[in-house]
1. Quick one: count up the residues across region 254-284 that are in contact with a Lys or Arg (Cβ under 9 Å, 6 or more places away or on another chain) and within 16 Å of ligand 2 (Cβ to nearest atom).
2. One residue is enough: does region 195-208 have a residue meeting the conditions more than 15 Å from ligand 2 (Cβ to nearest atom), at pLDDT below 95, over 30 Å from Lys241 (Cβ atoms) and crowded, with 23+ Cβ neighbours inside 10 Å?
3. Of the residues that sit in region 110-125 and are under 28 Å from the mean Cα position of the chain (by Cα) and over 13 Å from Leu154 (Cβ atoms), which one is surrounded by the most Cβ atoms within 10 Å (Cβ to Cβ)?
4. In region 240-253, which residues are assigned to a helix (DSSP H, G or I), over 15 Å from the mean Cα position of the chain (by Cα) and not acidic (Asp, Glu)?
5. Search region 298-310 for residues that are in a helix (DSSP H, G or I) and pair each with any residue that is modelled with pLDDT under 90 and within 11 Å of ligand 1 (Cβ to nearest atom) when their beta-carbon atoms are under 8 Å apart and the residues are at least 6 apart or on different chains.
6. Only one of (1) part of a helix (DSSP H, G or I); (2) more than 14 Å from ligand 1 (Cβ to nearest atom) is not met by Phe327, so which one is it?
7. Of everything in region 264-287, what is assigned to a loop (DSSP other than H, G, I, E, B) and either closer than 17 Å to Ser192 by Cβ or not aromatic (Phe, Trp, Tyr) (or both)? Give them in sequence order.
8. Do we find that Ser260 is in a helix (DSSP H, G or I), within 15 Å of ligand 1 (Cβ to nearest atom) and more than 19 Å from Lys123 (Cβ to Cβ) in this structure?
Amino acid sequence: MIIECSNCERKFKIQEDRLPQGKIVAFPCKNCGEKFRLDLRTAVSINEKGNGSEPSDIDLAPDHQPDNQTDANGLKDKILKSVKELPPMPQVVIKTQELIADSNADAKKIAEIIETDQGIATKVLKVANSAYYGMSGKISSISHASVVLGNKILGEVVMLAGAEGILGGNLPGYGYDSKDLWKHSLAVAFGSKIISNSKSPDLVEEAHMAGLIHDVGKIILDSYIVEKKEEIESFMEKEEKTFLDAESQYFGFNHAEIASEVCKKWNFPESLIFPIKYHHQPGNSDSSELSYILHMADYVAILSGIGYDSDDVLYDLEDGTMDFFGFKNEDVSELVLKVTESVNTIAI
Ligand SMILES: [Fe+2]
Ligand SMILES: [Fe+2]
């Protein structure tokens with residue numbers, strides 16, 4: 001199917017069989033950034049034109065390395081050093097996760113740790129009281145939250161509160177306004193949680209956490225994209241490539257690989273580092289279930305139109321992902337609805 005952005009008139013090819021039929025879905029245009037809608041109730045694009053020239057099949061240029069290999073290596077080193085300069089995940093979040101990982105964790109001790117950081121504690125109370133957790137306004141203190149929600153859910157809420165401070169800013173290189181990446185990350189976290197709940201319940205907590213931070217590498221790469229903005233935009237425009245392609249082309253690695261480096265810096269377990277590294281290529285992950293969950297949830301987040309992601313994951317859902325879960329298009333439509341509802345009912 002060929003669809004055309006009503007704003008900039010750029011045409012895109014998308015694979016019709018991967019779209020949830022019977023719904024209206026929103027797409028971010030990878031060219032101008034405007035969102036446009038596709039009405040699948042009639043299987044016809046709102047912006048689709050029945051005539052006009054089709055976009056030619058682009059002969060994809062082979063990956064080229066920057067001309068000067070020494071410069072390329074220098075840039076790679078510089079980017080990896082930037083990982084060390086990223087603000088740390090608040091200590092209270094790390095400590096809480098460590099305590100909760102211990103099945104004998106003392107709820108009182110966990111509450112005391114959370115209360116040492118007033119910013120996080122306030123956020124935790126706000127999130128815990130949102131309609132998503134069914135506790136609207138009923139939780140009055142952190143110790144009350146730990147009793148009512150239980151340690152695992154409290155850990156999830158603390159992670160949400162901590163991640164917002166890191167993911168909530170704007171990223172001018174990628175064209176994200178403030179909170180765009182945060183909302184996308186929330187959608188992927190909820191999508192990952194919902195998928196793992198039905199397919200692999202043992203992975204629920206890890207899936208939620210990995211979904212939240214899967215794109216943290218973009219925070220590192222953004223300033224480098226800004227430096228080469230014109231060059232990168234021209235590459236994407238001329239060769240119909242995505243930011244993901246541009247990252248590998250210009251920096252030698254993509255944001256998923258950088259995200260895995262950030263996770264190492266934060267001392268997250270290998271069970272999160274590895275799946276995050278392959279969230280755009282789960283086929284290379286040696287069948288990591290969490291990699292497939294993240295990849296699927298990313299796709300669902302794009303379809304739901306929450307936040308903004310110009311990665312074009314929509315057009316690149318890796319072959320075999322639907323089969324990995326045994327999903328049909330109806331399952332994807334249902335996931336889009338559930339994720340949208342989850343994000344709408346969480347207080348952030
Ligand atoms: Fe990503
Ligand atoms: Fe993503």
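The values are calculated or read from the model by the stated rules, or taken from the named source; none is laboratory data. A quick note: this is a predicted structure, and the numbers were derived from the prediction, not measured. Every residue, glycine among them, receives a Cβ derived from its backbone with ideal geometry; neighbour counts consider all protein chains shown.
1. Residues that pass the stated criteria total 7.
2. Checked region 195-208: no residue is more than 15 Å from ligand 2 (Cβ to nearest atom), at pLDDT below 95, over 30 Å from Lys241 (Cβ atoms) and crowded, with 23+ Cβ neighbours inside 10 Å.
3. The selected residue is Asp117.
4. Ala246, Ser248, Gln249, Tyr250, Phe251
5. From residues that are in a helix (DSSP H, G or I), the pairs are Asp298/Asp309; Asp298/Asp311; Asp298/Val313; Tyr299/Val313; Ala301/Asp309; Ile302/Asp309; Ile302/Asp311; Ile302/Val313.
6. (1)
7. From region 264-287, those assigned to a loop (DSSP other than H, G, I, E, B) are 266-269, 278-281, 285-287; that's our starting set.
If the condition is that a residue be assigned to a loop (DSSP other than H, G, I, E, B) and either closer than 17 Å to Ser192 by Cβ or not aromatic (Phe, Trp, Tyr) (or both), then Asn267, Phe268, Pro269, Tyr278, His279, His280, Gln281, Ser285, Asp286, Ser287 are the ones that fit.
8. Working: in a helix (DSSP H, G or I): yes; within 15 Å of ligand 1 (Cβ to nearest atom): yes; more than 19 Å from Lys123 (Cβ to Cβ): yes.
When the stated conditions are applied, Ser260 passes them.
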